[in-house]
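The structure appears right after this line, and notes come after that.
The values are calculated or read from the model by the stated rules, or taken from the named source; none is laboratory data. Just so it is clear, the structure is predicted and the values come from calculations on it, not from any experiment. Glycine also receives a Cβ, built like all others from the backbone with ideal geometry; neighbour counts cover every protein chain displayed.
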Amino acid sequence: MTTTRARGVLFVHSSPRALCPHLEWAIGSALGYPVNCRWEEQPVLPGTLRAEMEWMGPVGSGAAIASSLRGWEHLRYEVTEEPTPGSDGGRWMHTPDLGVFFAQTDSSGNIVVPEDRIRYALEVAQGNAEEISRELRVALGGAWDDELEAFRHAGDERSVVWLHRVG
């Protein structure tokens, strides 16, 4: 039986220095192979480090990585898993204050909001445009994006990570 392989990227946006070896162990346990991240200073939050790492593993590894990092205090991260034939992609975002957010993604990495979630937003909003906007922002993980945006830009001087074409 052939296992479909997935690939993705892990962005540790901020981690206390003492936590970094434990994170590498947790990530390696989730992937089934040892990992060594290249840690750099995080200028947005002095005293913390950041890392980016491409990964490859069985479909569902993105969820396994996100789960292995869940609950670590003072940790901000994002995990992406690219879609594969027969499997949706995903994005997991975590902040200490908000916890974990998950969304399905398309082949370009865009968040896909399911039909039932849109229907719920319309139902709750009862025609109020501001409420529809608020509900869709929740569905897109707007609060997580707001909190992580400054941390994302801390790596702007680094090389670009290209997503690979599916199919």
Say whether the condition of being without any contact (Cβ under 8 Å) to a residue 40 or more places away in the chain, surrounded by 17 or more Cβ atoms within 10 Å (Cβ to Cβ), among the β-branched types (Val, Ile, Thr) and not in a loop (DSSP other than H, G, I, E, B) is met by at least one residue in region 1-18. no
Being in contact (Cβ under 8 Å) with a residue 12 or more places away in the chain and touching a helix residue (DSSP H, G or I) at 6+ places or on another chain (Cβ under 6 Å) is the filter here, so list the residues in region 99-127 that pass it. Phe101, Val113, Arg117, Ala121
Top-ranked residue of region 27-70 - restricted to ones that are more than 15 Å from the chain's Cα centre (by Cα) and polar (S, T, N, Q), ranked as surrounded by the fewest Cβ atoms within 10 Å (Cβ to Cβ): Asn36
Pairs needed: first member in region 59-70, outside any helix (DSSP H, G or I); second member anywhere, of a type in the set (Val, Ile, Thr) and surrounded by fewer than 21 Cβ atoms within 10 Å (Cβ to Cβ); C-beta distance under 9 Å; at least 6 residues apart or different chains. Val59/Thr3; Val59/Thr4; Val59/Thr84; Arg70/Val100
So His13, is it within 18 Å of Met93 (Cα to Cα) and touching a Phe, Trp or Tyr at 6+ places or on another chain (Cβ under 6 Å): yes
Region 19-39 residues that are touching a residue at least 24 places away in the same chain (Cβ under 8 Å) and part of a loop (DSSP other than H, G, I, E, B), paired with ones that are surrounded by 13 or more Cβ atoms within 10 Å (Cβ to Cβ) and among the acidic types (Asp, Glu) (beta carbon under 9 Å, 6 or more apart): Cys37/Glu24; Cys37/Glu52
Which numbered condition Gln42 misses (of (1) in contact with a strand residue (DSSP E or B) (Cβ under 8 Å, 6 or more places away or on another chain); (2) within 22 Å of Asn110 (Cα to Cα)): (2)
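Of all residues in region 71-86, count the ones that are more than 21 Å from Ala143 (Cβ to Cβ) and either of a type in the set (Asp, Glu) or surrounded by 15 or more Cβ atoms within 10 Å (Cβ to Cβ) (or both). Outline the logic, then answer.
Step one: filter region 71-86 for residues more than 21 Å from Ala143 (Cβ to Cβ), giving 81-86.
Now narrow it down to the ones that are either of a type in the set (Asp, Glu) or surrounded by 15 or more Cβ atoms within 10 Å (Cβ to Cβ) (or both): 81-84.
Residues in region 71-86 being more than 21 Å from Ala143 (Cβ to Cβ) and either of a type in the set (Asp, Glu) or surrounded by 15 or more Cβ atoms within 10 Å (Cβ to Cβ) (or both): 4 in total.
Each row is one residue, and each column tells you yes or no for (1) more than 11 Å from the chain's Cα centre (by Cα); (2) at pLDDT 95 or above; (3) polar (S, T, N, Q).
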{"site": "Glu78", "(1), (2), (3)": "no, yes, no"}
{"site": "Glu81", "(1), (2), (3)": "no, yes, no"}
{"site": "Thr84", "(1), (2), (3)": "yes, no, yes"}
{"site": "Ser87", "(1), (2), (3)": "yes, no, yes"}
{"site": "Trp92", "(1), (2), (3)": "no, yes, no"}
{"site": "Thr95", "(1), (2), (3)": "no, yes, yes"}
{"site": "Ser107", "(1), (2), (3)": "yes, no, yes"}
{"site": "Val113", "(1), (2), (3)": "yes, no, no"}
{"site": "Ile118", "(1), (2), (3)": "yes, no, no"}
